[in-house]
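Asks: There's a structure below that I have some questions on.
The values are calculated or read from the model by the stated rules, or taken from the named source; none is laboratory data. None of these values were measured; they are calculated from a predicted model. Note that each Cβ is placed from the backbone with ideal geometry, even for glycine, and that neighbours are counted across all protein chains shown. We work out accessible area using only protein heavy atoms, side chains counted, and drop any ligands, DNA or RNA first. Shrake-Rupley method; radii C 1.70, N 1.55, O 1.52, S 1.80 Å.
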Amino acid sequence: MRIENKEYRTIWFENNLVKIIDQTKLPHQFRIKELKTVKDSINAIKTMEVRGAPLIGATAAYGLVLSIVEKNDLSFLKKSGEDLIASRPTAINLKWAVDRMMKKLSGVNEKDIFKLALVEAKNIIEEDVNFCKNIGLNGLKIIEEISNKKKDTINILTHCNAGWLATIDWGTATSPIYHAHQKGIKIHVWVDETRPRNQGANLTSYELNEEGIPNTVITDNAGGILMQRGQVDMCIVGTDRTLSNGDVCNKIGTYLKALAAKDNNVPFYVALPSSTIDWNIKDHKQIPIEERNSEELSHVEGIDKNNQVTKVRIYPKKSKSMNLAFDVTPAKLVTGLITEKGICEASEKGLKGLFK
Ligand code: MRU
């Protein structure tokens, strides 16, 4: 998608280096960063220079390529894979990408391994682009249905950033929005700020602005009253891990939006590529929920009057804080799952119907 009218992807491989858009600097600064080693990749995932389930999966795949460039050695490759998987615990795409790469590379000789690793990492990336595009085309049908009835601007609420910046291109939750916009359907997006890291305000609003899609940033607690006032036609969010029973683990606060949506009869959709489905865990209590540094809560970063990026503390040093990064929305609150293969009920039957 576009930044200042130039087409970008979030990650690419060039001259034996991985290039990323450093998302910790957005929206105030646009910086392309080079990852030279697997350690750089791990660090980029941990510090959220790259974030979003599909993108961290892609970064892990390229991280393994960098590990081969660094040291063509099987035990180093295995250790790199383990460290990449451990770099963030909740999004299943990390493990999915590493497992897929390791399977492909198992038994491959030293001479061919780099070439094969690069091809597979690029396959993962191209596949994600296609999946996200198809999620958009499938989700577009829902928006078109609403548009046929409403004949006015459609208000869509989203949480966090499940946009193209969280994937390689298109995004998951935003892909139906981009496709609808391209078809001339009038859309307005309510963007949840998404404390504490403000992925909504900093990233979703930014990427929608760059594509010319009207949007309004709201506090994380505003969705409820907007739904009560009839100002939300549908919600679309992304996911970091969806269980085979349809339970959806996504950015903290998603669950509360789904409860408000249920209470107000607002359709609540989750958009996901199949790489985000965890077919193994049966109980959501087994999902490792990331708990991040409390400084993300106690401090906010922004731009001051002199255009300088600054960070300030916003509550007493003495106050304790807890920074849970994800929550789980039970399947019963989800209207449907929008996947690359079609839309299904959030249930084992629904998912298995699409992904045999
Ligand atoms: O902590 P983040 O910014 O990596 O969390 C991102 C989300 O929660 C997204 O909704 C999710 O990864 C889906 S991305 C298409």
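Asks: Quickly run through the stretch 233-257 and pick out the residues that are open to solvent by less than 10 Å² (accessible area, probe 1.4 Å) and away from the ligand (no atom under 13 Å from the Cβ).
Replies: Matches in the stretch 233-257: 234, 243, 244, 246.
Asks: Could you go through the stretch 40-49 and let me know if any residue there is open to solvent by 60 Å² or more (accessible area, probe 1.4 Å), away from the ligand (no atom under 14 Å from the Cβ) and not small (Gly, Ala, Ser).
Replies: yes
Asks: Just give me the residues in the stretch 333-356 being free of Cβ contacts under 8 Å to residues at least 60 places away in the same chain and either open to solvent by 70 Å² or more (accessible area, probe 1.4 Å) or within 30 Å of residue 293 (Cα to Cα) (or both), in sequence order.
Replies: If the condition is that a residue be free of Cβ contacts under 8 Å to residues at least 60 places away in the same chain and either open to solvent by 70 Å² or more (accessible area, probe 1.4 Å) or within 30 Å of residue 293 (Cα to Cα) (or both), then 349, 356 are the ones that fit.
Asks: Please return the ranges of helices (runs of 4 or more DSSP H) entirely within the stretch 63-170 where 3 or more residues are in the same structural domain as residue 219 (by TED's automatic domain parsing) and surrounded by fewer than 14 Cβ atoms within 10 Å (Cβ to Cβ).
Replies: 110-150
Asks: May I pose another question? Going residue by residue through the stretch 269-291, is there one that turns out to be touching a Gly at 6+ places or on another chain (Cβ under 9 Å), open to solvent by 80 Å² or more (accessible area, probe 1.4 Å) and in the same structural domain as residue 220 (by TED's automatic domain parsing)?
Replies: No; the residues of the stretch 269-291 include none that is touching a Gly at 6+ places or on another chain (Cβ under 9 Å), open to solvent by 80 Å² or more (accessible area, probe 1.4 Å) and in the same structural domain as residue 220 (by TED's automatic domain parsing).
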